Structures are given as C-alpha cells and as structure tokens.
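**Q** Take this structure, written in structure tokens, and hold onto it; I'll ask about it next.
The values are calculated or read from the model by the stated rules, or taken from the named source; none is laboratory data. None of these values were measured; they are calculated from a predicted model. Glycine gets a Cβ as well: all are built from the backbone with ideal geometry, and neighbour counts include every protein chain shown. Side chains included, ligands, DNA and RNA excluded: accessible areas come from the protein's heavy atoms. Shrake-Rupley method; radii C 1.70, N 1.55, O 1.52, S 1.80 Å.
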Amino acid sequence: MGIRRDSPKNSPRKKTTLKYLFDLDPKPYVGSPLPSPRRAGGGTDYEHDGILSAISYCNSVFTFTDPQESPSQQDLKRLKLMDVVSLLKSPKMPLHEQLLSPLMSMVSVNLFRPLPPPSKTSIVSALPDDEELSTFTPLWPHLQLVYDILLRLVLNVDSKKLKDYIDHQFIRNLLYLFQSEDPRERESLKNVFHRIYSRFTSYRSFMRKAMNDVFLHYVFETEKHCGIGELLEIWGSIINGFGVPLKEEHKLFLMRVLLPLHKPKGLQVYHRQLAYCVSQFVQKEPALGGVVVRGILRYWPITNCHKEVLLIGELEELVENIDPDQYRTLALPLCSRITRCFNSCNSQVAERALYVWNNEQFVKMASEAMEEVFPVVVEGMERNLKLHWSKSVKQLTENVKAMLEEMDPPLYDKCLREIHHRESEAHREQIKRQQKWDQIETAAAKHSHFLQPTKTICVSSH
C-alpha cells in the first residue's frame, strides 16, 4: 500500500546547486513524500503509480467511532491525504488528466455520506455566541483535507474538464451536506459551493433554484436546517453582483423566498445574513423598500421578544435606504408597529423601539405624515408614562415626548386634548353602563320572589 520509489541506481545524479535548493518546497510536509517531479525517463510511471496508490488508499472511510478501527491506519490515511494536497499545491507539476477521475471519485466517497440525526442542541449550536456547544464531527481530520482537495481542484482545473464530474447530482449532494451540525464543515462547503458558482456559469440558474428549494422547504415544512446562514452568505455575494434594474426573477426571489424567511422561530440564527441580503435589494432599487417593509410587518412575531428586537433594528436600517417618495405611505404602518413595541411589557423590546426615535431618517419619515402619525404615537407615549412598570422605559419615553413636543407643539397639544376627550367620553359611557346595571339589579331584587323556585311537598300514599 505504500508509495513506490525509484531505485537510486536508476535515478540520475543531481547537482546541489543554489537554484535547485530554491526550487525545493520551503515547507516540507509530514509523511511519505511523493516522488519528485524532476525525474527523467521512466520515473513518470512510478510517480503516477505512487499517486494512484495514495488516492486508492484514501477511498477507505473511517468512522472514528468503531473500536475495531486502527488509529495507525487513520493516521496513515491522513498523511496520504496531505500528500495529495501537497501535490495539488505544487506549481511545478501540473495535474495529470488521468488522475482527475480517481481524485473526484475519492472526494465523493469521503464527502457524500449519510448524516447523523440532528441533536437536541442543533439550534443552540448555530448561535454565534455558543460555538462551544456545537456538534463537531469526528471525521473532521480527514474531511478537512478532502474539502481542501476539492477546493483546489475547482480553482485550478479547467471547468470544462470538471463538468464530467461536477454535475447537477454532485451539486445536490453538496447542498445536502449543508445540514451538517459541524460549523467547520459548513464553512468549507460554503467556500467550495461559492467557487463552483463562480466558475461554472452554466450551472448558476440551477444552483440558485436548488438553494431556493432548500429555503422554501425550511420555511414551510420543517423549520430545521443548520446551513441557512451559510447559504444566505452565498446569496449575499450573488445579489451584490446583480445588475440594475433588477430582473423580475430576482424580485420574485426577494418577495417569495427572502421575506418569508423572517417567519421561522429560528430567525435569530441567520438574521444577520438575511438582513444583508434584503438590504442589498433595497440599496439597488429603493422603490422595493415599501414591499420589504410590508413583508416584514406581515411576519411580525407575537410572543418572541428576541425576534422583535432584531426586526426593529432591521426596519431602522431599511428606512435609511427607502425611496423618500414612499415615506408618506409607510409612515403610519411603521410608526404604529413601533408604538406597539414601545408599549410592550418586555423592557428590551420597549427600549429598542424608543431608541428608533433617535434616528434622524426615521423622524424625517414620521414628519411626512404628522397628522396621521402623531395621534397614534402620543397616545402610546401617555400610556407608557401612566402604566409601564420599567423606570428606564418611562425615562426614555419622557425624552421622546420632549422631542415630539418640540417638533410641533400645537399638534401635540391637540392630540393630548383629543386623548383627554376620548378618555372622558369613555368614562361617561362607563358610568352610564354602571347605572343601567344598577337599575337592573334593583329591579331584580324587587321581584326576587318570581325568581325563587317553588317549594313542593311530596306525600307518599303508602
């Protein structure tokens, strides 16, 4: 199973010159070295056989969980994989075409495997602050090198030659591996997948559709997938390259795929990447801001406070890129939602919503429809000052109230008078209802004997 070497007798003697020393690899790798590419004559056959032998040995897959597996054989495979990586790194020895088929076969054997069932910590492990809880695959010492081999093949080999091996099924298999719970594997997959998208232009439409299918399956069926964030990072780079004006296909992707991704309860895992993709669309075509804002409001959470905080921040960023012509139509729905948020019993949601009023662009948008926005906002402010339990929320409310009073004092006073009028009307209605109930209770007491059941005595004839 070892790599064959030339006999010293058959090898031409080399002169140790300064040029020869500089040509040597400055970072020798560990393990059985592959034969030197500088051999003459029949040495090429020995090199080819040795490389094929190393690749063939790497087709054996170890689970790292079977006690019958030999650690020495696992280490030997890792060394041979390092030999193959060193071969692909060498700029002096181009890859022989006959090695491409066994290399791609070895890559497929090692990568395309059934994944273990998801663990209970799969959602938690994807959070950025909890990487220590991630589920790491024991195969990584080998997988890392296999991914490095695949990446170098994609980068260095002519895409026309690779098309015989990297086809639609190969791409589907790579997409399946994004469900791996190991963040290291998903990061490697992201790099490889993005490079394939860059080099194989004829596959781009298929790859976009395949990724969209993963997103839709996640949103509307399972809500379980570990690689949504990595796939969105790839999409962020793709969207960045879209030309303006945007194609109808790309706008449909925004409305039918990206906006529904705000719905799942696992949003906090991939929200940073999703917000970047959405903002890219709005920056390229600010007229899409209205569609995006209404879409986010449509999927607003009811009981998930963490999602509310994230979405408030996303809306605040979107306001800075929205077409100013849409300010008037979006002011009321946006300010109504922000008002409900700063009336929230959760102090984090309330404080985050109040901080939005420090954004000059948001205040400018609200001022475009002050007659409609002020009554809603002022009523929310007064409710906070009277009823909210948090002192910090009340203090922030006072600050925002002072700012709004300075914007338009007469309108603010008018809103206060309307609020007091509605409260007094409601109070009078409550008194009338109470008086009616009192009259009903009094009438019922006078005629209570009609309501009492008749007592009867049953006499037995026996």
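**Q** Can you tell me which residue within the stretch 192-234, out of those that are among the hydroxyl-bearing types (Ser, Thr, Tyr) and more than 16 Å from the chain's Cα centre (by Cα), is most open to solvent (accessible area, probe 1.4 Å)? Lay out the reasoning, then the answer.
**A** Of the residues in the stretch 192-234, the ones among the hydroxyl-bearing types (Ser, Thr, Tyr) are 197-198, 201-203, 205, 218, 222.
Subset that is more than 16 Å from the chain's Cα centre (by Cα): 197-198, 201-203, 205.
Values: 197: 21, 198: 52, 201: 91, 202: 71, 203: 25, 205: 74 Å².
Here the residue is 201.
**Q** Which of the residues belonging to the stretch 351-377 are farther than 25 Å from residue 413 by Cβ and touching a Cys at 6+ places or on another chain (Cβ under 7 Å)?
**A** Passing the criteria: none in range.
**Q** Can you name the residue in the stretch 168-203 that is of a type in the set (Lys, Arg) and in contact with a Ser or Thr (Cβ under 9 Å, 6 or more places away or on another chain) and, of all such residues, is nearest to residue 118 (Cα to Cα)?
**A** We begin by selecting, within the stretch 168-203, every residue of a type in the set (Lys, Arg); these are 172, 184, 186, 190, 195, 199.
Checking the rest, the ones that are also in contact with a Ser or Thr (Cβ under 9 Å, 6 or more places away or on another chain) come to 184, 186, 199.
Numbers: 184: 16, 186: 15, 199: 33 Å.
Among them, the one singled out is 186.
**Q** List every residue pair whose Cβ atoms lie under 8 Å apart, where the two residues are 6 or more positions apart in sequence or sit on different chains, the first residue falls within the stretch 188-211 and is closer than 17 Å to residue 240 by Cβ, and the second residue, located anywhere, is open to solvent by 10 Å² or more (accessible area, probe 1.4 Å) and at pLDDT below 95.
**A** 195/155
Yes/no per residue for (1) under 18 Å from residue 358 (Cα atoms); (2) at pLDDT 95 or above:
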residue	(1), (2)
260	no, yes
263	no, yes
266	no, no
270	no, yes
273	no, yes
287	no, no
295	no, yes
303	no, no
309	yes, yes
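**Q** If you go through the stretch 393-417, how many residues are within 42 Å of the chain's Cα centre (by Cα), open to solvent by 50 Å² or more (accessible area, probe 1.4 Å) and over 17 Å from residue 368 (Cα atoms)?
**A** Of the residues in the stretch 393-417, 4 are within 42 Å of the chain's Cα centre (by Cα), open to solvent by 50 Å² or more (accessible area, probe 1.4 Å) and over 17 Å from residue 368 (Cα atoms).
**Q** Ok, one more. Out of everything in the stretch 239-280 that is of a type in the set (A, V, I, L, M) and not in a helix (DSSP H, G or I), what residue ends up being least open to solvent (accessible area, probe 1.4 Å)? Walk me through it before giving the result.
**A** Here is the first cut: in the stretch 239-280, the ones of a type in the set (A, V, I, L, M) are 239, 244, 246, 252, 254-255, 257-259, 261, 267, 269, 274-275, 278.
With not in a helix (DSSP H, G or I) added as a condition, the list becomes 244, 246.
Working: 244: 96, 246: 13 Å².
Top of the filtered list is 246.
**Q** Related question: Could you please find all residues in the stretch 65-85 being within 37 Å of the chain's Cα centre (by Cα) and at pLDDT 90 or above?
**A** Within the stretch 65-85, the subset within 37 Å of the chain's Cα centre (by Cα) is 65-66, 74-75, 77-85.
Within the stretch 65-85, 74, 75, 77, 78, 79, 80, 81, 82, 83, 84, 85 meet the criteria.
**Q** Residue by residue through the stretch 86-103, note down the ones that are under 35 Å from the mean Cα position of the chain (by Cα), open to solvent by less than 50 Å² (accessible area, probe 1.4 Å) and more than 18 Å from residue 165 (Cα to Cα).
**A** 86
**Q** Another question about this same structure. Only one of 189, 151, 177 is surrounded by fewer than 18 Cβ atoms within 10 Å (Cβ to Cβ) and either more than 17 Å from the chain's Cα centre (by Cα) or at pLDDT 95 or above (or both). Can you tell me which? Can you show your working first?
**A** Numbers: 189 fails: surrounded by fewer than 18 Cβ atoms within 10 Å (Cβ to Cβ); 177 fails: surrounded by fewer than 18 Cβ atoms within 10 Å (Cβ to Cβ).
So the residue among 189, 151, 177 that is surrounded by fewer than 18 Cβ atoms within 10 Å (Cβ to Cβ) and either more than 17 Å from the chain's Cα centre (by Cα) or at pLDDT 95 or above (or both) is 151.
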